[in-house]
1. Just to be sure, is Ser101 within 20 Å of Trp39 (Cα to Cα) and either touching a Gly at 6+ places or on another chain (Cβ under 9 Å) or surrounded by 13 or more Cβ atoms within 10 Å (Cβ to Cβ) (or both)?
2. Which of the following residues is within 15 Å of Lys143 (Cβ to Cβ), of a type in the set (Ser, Thr, Tyr), under 14 Å from the mean Cα position of the chain (by Cα) and at pLDDT below 95: Thr51, Thr34?
3. For the stretch 133-162, name all the residues that are exposed (fewer than 15 other Cβ atoms within 10 Å of the Cβ) and assigned to a strand (DSSP E or B).
4. Is it fair to say Asp63 is within 17 Å of the chain's Cα centre (by Cα), in contact (Cβ under 8 Å) with a residue 12 or more places away in the chain and surrounded by fewer than 13 Cβ atoms within 10 Å (Cβ to Cβ)?
5. Out of the stretch 44-68, which residues are β-branched (Val, Ile, Thr) and under 15 Å from Val105 (Cβ atoms)?
6. Just for the stretch 66-99: of the residues that are among the β-branched types (Val, Ile, Thr) and part of a strand (DSSP E or B), which one is nearest to the chain's Cα centre (by Cα)?
7. Being out of contact with any helix residue (DSSP H, G or I) (no Cβ under 8 Å at 6 or more places or on another chain), surrounded by 15 or more Cβ atoms within 10 Å (Cβ to Cβ) and either within 23 Å of Leu156 (Cα to Cα) or among the charged types (D, E, K, R) (or both) is true for just one of Glu76, Glu57. Which residue is that?
8. Looking for something modelled with pLDDT of 95 or more, closer than 21 Å to Asp161 by Cα and not basic (Lys, Arg) - is there at least one such residue anywhere in the stretch 70-84?
Amino acid sequence: MAQLHFSFWRLLVEKGFISQGHLLHTIVMDKNETIIRRWFSEVWNKGDVSTIDDLLEPSAVVDGLLPDQKHEGREEFKEFHKLLYSTFSDFDLTVDEVVSSGNHVTGSWHGTVLHSGTFQGRAATGKRLEMRGTFAVTIIEGKIVNGSNQWNYDELLPQIDA
């Protein structure tokens, strides 16, 4: 099947329907989208820390995960991941949209988590909380080198207290 897919694209280039540059751009965009979807599936939904090693550059800078905080380096990000997983569990996040241009990728996501640990002084409630957000990342040679995030962090307490 993969050979058929490649042959189809090669035929489109040969017949002049698309340029080779457009084809290469499309392949890079598809690869970047795959990286993002894998990140959400494995790092968040499965809690697989080894995927952080696979996809996050050791010196990556990630901001917006907590208000006014920046995480510098893979190890700092892992500490944040550990903290979030000690507070929430059973992540069910879905990437809604991915837009890619070269090495830059943006998108949106939504989902739910289970409030299973203390969060801002509130003991675990067992409630499912709705989360949503956006991201903008740069991916170079298959690794996320920086990321900026926005999510509804401020809307979690009202859901916990409801």
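The values are calculated or read from the model by the stated rules, or taken from the named source; none is laboratory data. Bear in mind the structure is a predicted one, so any value in this text is a computation, not a measurement. All Cβ positions, even for glycine, are placed from backbone atoms using ideal geometry, and neighbour counts span all protein chains on display.
1. Working: within 20 Å of Trp39 (Cα to Cα): yes; either touching a Gly at 6+ places or on another chain (Cβ under 9 Å) or surrounded by 13 or more Cβ atoms within 10 Å (Cβ to Cβ) (or both): no.
So Ser101 does not fit the description; no.
2. Numbers: Thr51 fails: at pLDDT below 95.
Answer to the check: Thr34.
3. Ile140, Gln150
4. Working: within 17 Å of the chain's Cα centre (by Cα): yes; in contact (Cβ under 8 Å) with a residue 12 or more places away in the chain: yes; surrounded by fewer than 13 Cβ atoms within 10 Å (Cβ to Cβ): no.
So Asp63 fails the test.
5. Of the stretch 44-68, the ones β-branched (Val, Ile, Thr) are 49, 51-52, 61-62.
Result: Val62, single match.
6. Step one: filter the stretch 66-99 for residues among the β-branched types (Val, Ile, Thr), giving 87, 94-95, 98-99.
Filter once more, so that each one left must be part of a strand (DSSP E or B): 94-95, 98-99.
Numbers: Thr94: 9, Val95: 8, Val98: 10, Val99: 13 Å.
Across the stretch 66-99, the extreme among qualifying residues is Val95.
7. Details: Glu57 fails: out of contact with any helix residue (DSSP H, G or I) (no Cβ under 8 Å at 6 or more places or on another chain).
When all the criteria are applied, what remains is Glu76.
8. Taking every residue of the stretch 70-84 in turn, none turns out to be modelled with pLDDT of 95 or more, closer than 21 Å to Asp161 by Cα and not basic (Lys, Arg).
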